[in-house]
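Computed from the coordinates by the stated procedures, all read-outs in this text should not be read as laboratory data. As the structure is a prediction and not an experimental result, all values here were calculated from the model. Ideal geometry is used to build each Cβ from the backbone, glycine not excepted, and the neighbour counts take in all protein chains shown.
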Amino acid sequence: VDVPTAFALAFAISAALAGLTGALLGSIRFITPAMGSEPLTKAMIVVIFGGLGSLGSTAGAAYLIGFIEAFLVLWVGLYWTPFALFLLMILVLLLRPNGIFGKR
């Protein structure tokens with residue numbers, strides 16, 4: 001496998017999909033500089049929880065974050081849920097820097 005070519009191809013496909021997504025979302029929503037910051041923050045939290053070891057651990061962390069987020073909405077309310085998730089992320093970084101499912 002030619003790694004530089006595969007990397008360039010993956011980058012081109014992801015850039016094309018991001019551009020298409022921006023064009024489609026721009027037709028139904030207002031375009032702002034902060035557009036997409038909430039899903040990006042959640043994705044960052046999922047990767048921190050899952051660690052960089054494997055795709056399966058990241059998928060498991062995504063489900064875990066979904067359940068935690070649903071619980072937090074009921075427990076602390078919709079307004080405080082992102083803040084509570086961020087605090088939980090800081091706690092994971094302090095206690096397990098490689099993620100909950102990450103390998104040492």
Rel. contact order, % - alpha carbon contacts under 8 angstrom, at least six apart, the chain:
29 percent
Are there any chymotrypsin sites (Phe, Trp or Tyr not before Pro) in the stretch 35-94 that are in a DSSP loop and have at most 10 other Cβ atoms within 10 Å? List them by number.
Y79
What whole-number distance in Å separates the alpha-carbon centres of the stretch 1-60 and the stretch 67-104?
21 Å
Helix-derived mean residue ellipticity, 222 nm - over the chain, DSSP H n ≥ 4, -39500 (n - 2.57), to 500
-25000 deg cm²/dmol
Whole-Hz ³J(HN,Hα) for each residue in the stretch 14-25, computed from phi via Karplus 6.51 cos²θ - 1.76 cosθ + 1.60 with θ = phi - 60°, x for glycine and proline: what do you get?
5, 5, 5, 5, 5, x, 5, 4, x, 5, 5, 5
Just how many % of Cα pairs in the stretch 34-75 lie over 17 Å apart, if you round to the nearest whole percent?
34 percent
Chymotrypsin sites (Phe, Trp or Tyr not before Pro), restricted to the stretch 1-39: which are DSSP loop and have at most 16 other Cβ atoms within 10 Å?
F30
The stretch 36-104 pair-distance distribution - Cα-Cα, 10 Å bins, rounded %
23, 54, 22, 2
Gain on full stretching of the segment that runs from R96 to A70 - 0.36 nm per residue minus C-alpha separation:
7.1 nm
From the phi angles alone, apply the Karplus equation (6.51, -1.76, 1.60; θ = phi - 60°) to the stretch 48-56 and give each ³J(HN,Hα) in whole Hz, x where the residue is Gly or Pro.
5, 5, x, x, 9, x, 7, 5, x
Please compute the length gained on full extension between F7 and M35, using 0.36 nm multiplied by the number of residues separating them and subtracting their Cα-Cα distance.
7.4 nm
